[in-house]
Amino acid sequence: MRKARFGRMCPCGSGRPVDNCCGLNEKVVSLTRVRWRRAGQLLRRRLGEFADSQFYAREANQAQEKYFELIPPEIADNEDDFTMERCFEWYIFDYTLPGGRTVIEEFRETCELDELERHLLADWVGARTTFYEVVGLEKGRWVDLRNILDQTCCRVWDATVASGVEPGVILYIRVLKVGEEYEFSTGGLALPGFYKAPLLKRLKSDFRAFCRKRGHDQSKDWNAFLRDRAHVINAMVLELGTLNLSPALQSDLDLDPFEYPEQAHQVMDRLSAHIAQRITDSFLDDFYEQWIHQVIPALDGKSPIQAVQSASGRAQVEELLKELEKIEKIRARRGEPHYDINKVRRKLGLLPEKKLARVHNLFGGVLLQSESTAALFDGDLVKWDELKWSAASHAAVARQAAATLHEQGFSARQIQAAVQLWYEFCKKTTLRVRKQQLWAAALVYTVHRLYQHFIPQQALARQFGVSASAISGSYRHIWRVMKLDSSSDQFKK
């Protein structure tokens, strides 16, 4: 995956090189174009200042937490300028404020605007980050794009992008209308063309589910879906861009389709199936994270996470999961993308101990020995006095996090792995724990991410009495110091 950036200066005052703005190597610059470009540039600046004001500081922090919550830190974080730029743009255009409007909608309603700005905002308010296929270009001048969802087309004058893409590439980007022309709102993400078919299939499936859930007319456009799911789709595209194909599949991609047409066709089928499975996992991870907290009539008006607190409720939830599992097995037999329902069981703490127990020590790969979760609190599993903690507060954090993980259904082995992780982290840093609840929450969140559970930071923040942004910062510190990787084999078993 590539990250598309756009950058003598252009006379329109945009601050961009003339070859990447109004001039585009032309000898005569249209005065109308200059007016629109100047108006667009000023409007962008005003929008940014409005969104960055102290009045929206709290909402901006919450938006950032929501945006980065789904992005693994090894892919991107809030220290990456390119990702932060895209996050800020998403916050302006797509993030819903407590009043139900977006920042750009608030700006349009509350700020004084001239005629050109009102005209621009009429189009910009509904502009969504979406998927475009590059269908034509002139190197160093413009690209012709076709929206793969609604088939609308536009030409964007951008010398940098026109020099860096090829026909067939899929761009995930926002396009803004400026007068009679189009501009990219900010940087975008680029995927190879062979992602198109499985990506489109997954998006349409999720769109139908979105419409059913909200009672929307499916004949309506994609606008609400693309706004509501923008941060989820963005995380998915980032992950797809870092997709690690097997060595055999990577070498097969070098086949000449003209010399080996049958083999090349088989390789693309395998690749499409692989991508489709990854897209399915990405969307359904998010769907089931929300599902376990939703009230379900079949569970006597309880959510799955509430129902599993009792024996009868666990039995009811297990029946539901078995029905879902039957559907997924049918899909698997048909060779279609399918989902591992055991991932939902893990979220709910329902997997048998024999399945949860196959977790290895993070440091050395040694299988942990104790069999009893209760032993953790009897002192047999983790002998606290034998661990040479550098501070009493470090041990207190471990105890608090271990107790929480136990309540959440993690096995004894998983909890000991978490304690060992924290112990090694404390040894590697000169950590002064000022707030034990914060670091306990960060450790709990780290463990959930390692086992690919997506627990909301806001929920942990309420439970531990700390801010979600503080949890995010501490969690990322643990992740970076320990060089963690959620794809490691020990967290898939």
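With the largest listed first and rounded to whole Å, the semi-axes of the equivalent ellipsoid of segment 76-170 from the Cα gyration tensor are 28, 18, 14. Rounded to whole numbers, the Karplus 3J(HN,Hα) couplings from phi for segment 119-124 are 5, 5, 5, 4, 8, 5 Hz, using 6.51 cos²θ - 1.76 cosθ + 1.60 with θ = phi - 60°, and x at Gly and Pro. When peptides 120-132, 412-424 are ranked by their average number of other Cβ atoms within 10 Å per residue, the highest-first order is 412-424, 120-132.
Pull out the extension gain between GLN458 and ARG101, defined as 0.36 nm times the separation in residues minus the alpha carbon to alpha carbon distance; nm, one decimal.
Result: 126.4 nm gained on full extension.
Near LEU137, the amide H atoms lying under 5 Å from its own belong to ASP144; only residues 5 or more places off or on other chains count, and H is placed 1.01 Å from N. By the count of neighbouring beta-carbon atoms within 10 Å, fewest first, TYR182, TYR475 end up ordered TYR182, TYR475. For the peptides 320-327, 185-192, 169-176, residues were scored by their other Cβ atoms within 10 Å and the scores averaged per peptide; the highest-first order is 169-176, 185-192, 320-327. Near the amide H of LYS302, within less than 5 Å, lie the amide hydrogens of ILE296, all on another chain or at least 5 residues away, with H placed in the peptide plane.
For segment 31-44, putting each phi into the Karplus relation 6.51 cos²θ - 1.76 cosθ + 1.60 with θ = phi - 60° gives couplings of 5, 5, 4, 4, 4, 5, 5, 5, 5, x, 5, 5, 5, 4 Hz, in residue order, rounded to whole numbers and with x for Gly and Pro. In segment 116-187, the C-alpha radius of gyration followed by the widest Cα-Cα span (Dmax) gives 11.9, 35 angstrom.
Counting every C-alpha pair in segment 106-231, the share spaced more than 20 angstrom apart comes to 50%.
Among SER310, SER472, the order by Cβ neighbours within 10 angstrom, fewest to most, reads SER310, SER472.
In this structure, the amide hydrogen of ASP158, modeled 1.01 Å from its nitrogen in the peptide plane, lies closer than 5 angstrom to those of TRP142, VAL143, counting only residues at least 5 positions away or on a different chain. How far apart, in nanometres, would the label points at GLN309 and LYS427 be if each is projected 7 angstrom from Cα along the Cα-to-Cβ direction? With each label placed 7 Å out from Cα toward Cβ, I get 3.9 nm. Taken over segment 292-351, the ratio of Cα radius of gyration to 2.2 N^0.38 Å equals 1.17. Residues GLU180, GLU239 in ascending order of nearby Cβ atoms (within 10 Å, fewest first): GLU180, GLU239.
Throughout, read-outs are computed from the coordinates displayed, never taken from laboratory work. Note that the structure is a prediction, hence the values are computed from the model and not measured. Please note: Cβ atoms are built from the backbone with ideal geometry, for glycine as well, and neighbour counts cover all protein chains shown.
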